[in-house]
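Q: Supplied in structure tokens, the structure appears directly below.
The values are calculated or read from the model by the stated rules, or taken from the named source; none is laboratory data. Quick caveat, the model's predicted, so the values are computed rather than measured. Don't worry about glycine lacking a Cβ; one is built from the backbone with ideal geometry, like all the others, and counts go over all protein chains shown. Protein only, heavy atoms only, side chains kept; ligands, DNA and RNA dropped before computing areas. Shrake-Rupley method; radii C 1.70, N 1.55, O 1.52, S 1.80 Å.
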Amino acid sequence: MSTRTGRDRDRAHGRSRDRAALIAAIEDAVRDNGGRGQLLHQAIAERFGLNPTDLKCVDLARTEPRLTAGRLAEITGLSTSATTAVLDRMERAGFIERVRDPADRRRVVVVSTGRREQELNTAFGPLKDAMTAVLESYDDEQLALIAGFVGRLNDLLRDLTAQPDDKPLTTPPEAR
């Protein structure tokens, strides 16, 4: 006959009475981080004559292979006219160019020019340096835990934003 209490079971599974408070604190911190990140990206985007959505689209043009205007609209949820306006601003600012797809000349692909990479690196440099300093204070096991958490959080956000407009946001089962 087991005499373990619920509290004993929780402790055996790495759970404490303060678990709910810790989870709430992390949720609040992640939300605060997101808001502060948006403000930082707003400030950096303005340096380049862009807005934060444009700046995120610059990242997509750098990392998404064979990016088309249609794919960009799909990823961002922007209308086709808004996507065209974003691409026009990015092109005027020298971040991207639209080129014919060599495999299908009817198709236009958005590619990074690479001409402003150093300016972007300089703009984000203080953040990168500060983040590296914070991360250096953790051991390898802690860094693996943090990397796993951030990766799972990004997957969750990607899944939530990929849901159709007419469907309410729901938590994917694997995140529950």
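Q: Any residue that is closer than 27 Å to residue 39 by Cβ, assigned to a loop (DSSP other than H, G, I, E, B), of a type in the set (D, E, K, R) and free of Cβ contacts under 8 Å to residues at least 40 places away in the same chain - is there at least one of those in the stretch 93-116?
A: Yes, because at least one residue in the stretch 93-116 is closer than 27 Å to residue 39 by Cβ, assigned to a loop (DSSP other than H, G, I, E, B), of a type in the set (D, E, K, R) and free of Cβ contacts under 8 Å to residues at least 40 places away in the same chain.
Q: When only residues in the stretch 65-84 that are at pLDDT below 90 and not in a helix (DSSP H, G or I) count, which is surrounded by the most Cβ atoms within 10 Å (Cβ to Cβ)?
A: 77
Q: What do you reckon, is residue 163 open to solvent by less than 70 Å² (accessible area, probe 1.4 Å), polar (S, T, N, Q) and modelled with pLDDT under 95?
A: Yes: the conditions hold for residue 163.
Q: In this structure, is residue 20 out of contact with any helix residue (DSSP H, G or I) (no Cβ under 6 Å at 6 or more places or on another chain) and surrounded by fewer than 11 Cβ atoms within 10 Å (Cβ to Cβ)?
A: For residue 20, the condition - out of contact with any helix residue (DSSP H, G or I) (no Cβ under 6 Å at 6 or more places or on another chain) and surrounded by fewer than 11 Cβ atoms within 10 Å (Cβ to Cβ) - is met.
Q: Cβ-Cβ under 9 Å, sequence separation 6+ or interchain: first residue in the stretch 31-51 and over 16 Å from residue 93 (Cα atoms), partner modelled with pLDDT of 95 or more and open to solvent by 100 Å² or more (accessible area, probe 1.4 Å). Which pairs?
A: Close Cβ pairs satisfying both conditions: none exist.
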